[in-house]
Amino acid sequence: MIFVDACFKKDVAYTPIWMMRQAGRYLNEYMVVRNEAGGFLNLCKDYKKAATVTLQPVEILGVDAAILFSDILVVPLEMGMDLEFVKGEGPVFKNPIKTINDLNKLDIEQGVKNLDYVYDTIKCVRENLAYEKALIGFCGAPWTVATYMIEGAGTKTYAKCKKLLYQNPEFLHQILNLVTQATKIYLENQIKAGVNAVQIFDSWAGALEEGAFFEFSFKYILEICDYLKAKYPQIPIIVFPKGISGFLEKIDGNFDVFGVDWSTPMELAANKLSHKFTLQGNMEPCRLYSKTAIKEGVLNILEVMKGRSHIFNLGHGILPDIPVENAKYLINLVHELSVK
Ligand code: CP3
């Protein structure tokens, strides 16, 4: 698989590409299946439909990898939290974690078992996906998942989380530790079901200052990596911490690919990290509004990454109103221009 080879810094014939949030609302075919399922969470729980939308971007766009269709928040949901996706607002937990009693109600063992529909989706995708295309499993970094569990919804200030961080760090560590233990088993089960790589999304890493990032986020990411690498060294691990360009040189660990967000200059990331990791990224997602902007973005990134191990991606998720034609243009352009 060209995607897995690139993760392991092997020589590849061209630069593989996939897009974060590639299965989603910009595809009419996705909207049809989502409406049939009666909403996003029902779609995640219906393994046949979830497999269908996982496969769509490979069939429609020709990306080199499929990413499992699910969400990072199904882990706290299935451990006992009440999750809803409210139109226009995103995810909402009606019973956010406030006290140790709230935390003690969550059940790791039951949670990872209730996630059977995810493992069934993986099996169904792998049966229907061409051999040379990789299937990427994923989870949220414990910090990013915990921000939703504590705030109850998306946040601009992270005030509740940071109040805990400074007033009651032991309790925050207890929450992070619980999510970490569940995530280790969850990813292991995804690997057993057939994923060829895993990505850890730390979308809100950039909310933390340097010391806090290493203590409250990266430490737990590395615990997950060490656990998986000891058992499944053949499965590449991608770590995507968004918003930490200020201290890239301090990043190291037992993983294979570093995901670069679009606000980090690729050249900076390449200079600081290419000797250790394959880099993934990092076109600014809004360039997809214009073919001229796409071409400029692709040329710049391929030039910087020439001779270095690289997986092309967006620097964050694709937006719902992107024309599909432009997404196709991006995939074809990267394939054409990167041929060796
Ligand atoms: O990348 C993929 O195509 C795979 C599927 C995937 C989804 N969410 C589907 C989804 C993945 C990998 C995620 C990860 C995720 N979920 C993250 C980390 C990556 C990132 O984007 O930063 C986060 C923070 C979440 C939590 C989440 N889920 C939010 C904040 C939202 C609302 C925002 C939005 O786009 O509506 C979701 C909903 C969600 N997750 C959708 C999809 C396709 C939209 C649901 C819909 O169809 O209405």
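The values are calculated or read from the model by the stated rules, or taken from the named source; none is laboratory data. Worth saying up front: this structure is predicted, and the values here are computed from it rather than measured. Heads up, the Cβs are rebuilt from the backbone with ideal geometry, glycines too, and the neighbour counts pull from every protein chain shown. Only protein heavy atoms, including side chains, enter the accessible area calculation; ligands, DNA and RNA are left aside. Shrake-Rupley method; radii C 1.70, N 1.55, O 1.52, S 1.80 Å.
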Exercise for review: Tell me which of these Y117 doesn't satisfy, since it passes every other one: (1) open to solvent by 10 Å² or more (accessible area, probe 1.4 Å); (2) over 19 Å from G154 (Cα atoms); (3) in a loop (DSSP other than H, G, I, E, B); (4) within 16 Å of the ligand (Cβ to nearest atom).
Suggested key: (3)
Study note, to complete from the structure: Out of (1) within 16 Å of the ligand (Cβ to nearest atom); (2) within 17 Å of G111 (Cα to Cα), the one V198 does not meet is (2)
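When the residues of the stretch 44-68 are narrowed to those that are among the charged types (D, E, K, R) and out of contact with any Cys (no Cβ under 9 Å at 6 or more places or on another chain), which ends up surrounded by the most Cβ atoms within 10 Å (Cβ to Cβ)? Show your work before the answer.
Looking only at the stretch 44-68, we keep the residues that are among the charged types (D, E, K, R), and these are 45-46, 48-49, 59, 64.
Right, trim to out of contact with any Cys (no Cβ under 9 Å at 6 or more places or on another chain) and you get 45-46, 49, 59, 64.
Numbers: K45: 22, D46: 19, K49: 19, E59: 14, D64: 24.
So the residue we want is D64.
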**Study point:** Residues satisfying the stated conditions in the stretch 277-320, i.e. surrounded by fewer than 19 Cβ atoms within 10 Å (Cβ to Cβ), in contact with a Phe, Trp or Tyr (Cβ under 8 Å, 6 or more places away or on another chain) and not in a helix (DSSP H, G or I)
**Key:** E284, L319, P320
Exercise for review: Return only the number of the condition from (1) open to solvent by less than 40 Å² (accessible area, probe 1.4 Å); (2) near the ligand (Cβ under 10 Å from one of its atoms); (3) touching a residue at least 60 places away in the same chain (Cβ under 8 Å) that L103 does not satisfy.
Suggested key: (2)
Check your understanding: Tell me, which residue of the stretch 2-53 that is closer than 26 Å to F277 by Cα and in a helix (DSSP H, G or I) is farthest from the ligand (Cβ to nearest atom)?
Key -> D5
Practice item. Filter the stretch 5-32 down to residues that are surrounded by fewer than 20 Cβ atoms within 10 Å (Cβ to Cβ) and closer than 18 Å to L68 by Cβ, then give me how many there are. Key: 3
Check your understanding: So how many residues does the stretch 64-93 have that are modelled with pLDDT under 95, part of a loop (DSSP other than H, G, I, E, B) and touching a strand residue (DSSP E or B) at 6+ places or on another chain (Cβ under 9 Å)?
Key -> 1
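This table checks each residue for (1) open to solvent by less than 10 Å² (accessible area, probe 1.4 Å); (2) of a type outside the set (A, V, I, L, M); (3) over 22 Å from L314 (Cβ atoms).
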{"site": "L187", "(1), (2), (3)": "yes, no, yes"}
{"site": "D202", "(1), (2), (3)": "yes, yes, no"}
{"site": "C225", "(1), (2), (3)": "yes, yes, yes"}
{"site": "P233", "(1), (2), (3)": "no, yes, yes"}
{"site": "V239", "(1), (2), (3)": "yes, no, no"}
{"site": "G243", "(1), (2), (3)": "no, yes, no"}
{"site": "E249", "(1), (2), (3)": "no, yes, yes"}
{"site": "D256", "(1), (2), (3)": "no, yes, no"}
{"site": "V260", "(1), (2), (3)": "yes, no, no"}
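In the stretch 69-90, how many residues are more than 12 Å from the ligand (Cβ to nearest atom) and buried (at least 19 other Cβ atoms within 10 Å of the Cβ)? If you could, list the steps in order and put the result at the bottom.
Narrowing the stretch 69-90 to residues more than 12 Å from the ligand (Cβ to nearest atom): 78-82.
Pick out the ones that are also buried (at least 19 other Cβ atoms within 10 Å of the Cβ) and you get 78-79, 81.
Residues in the stretch 69-90 being more than 12 Å from the ligand (Cβ to nearest atom) and buried (at least 19 other Cβ atoms within 10 Å of the Cβ): 3 in total.
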Check your understanding: When you go through N128, N95 one by one, which is the residue that is under 30 Å from D5 (Cβ atoms) and surrounded by fewer than 19 Cβ atoms within 10 Å (Cβ to Cβ)?
Key -> N128
Review point. Looking at (1) open to solvent by less than 60 Å² (accessible area, probe 1.4 Å); (2) in contact (Cβ under 8 Å) with a residue 24 or more places away in the chain, which is the only condition T155 fails?
Key: (2)
Exercise for review: Of all residues in the stretch 262-276, count the ones that are part of a helix (DSSP H, G or I), surrounded by fewer than 15 Cβ atoms within 10 Å (Cβ to Cβ) and touching a helix residue (DSSP H, G or I) at 6+ places or on another chain (Cβ under 8 Å).
Suggested key: 2
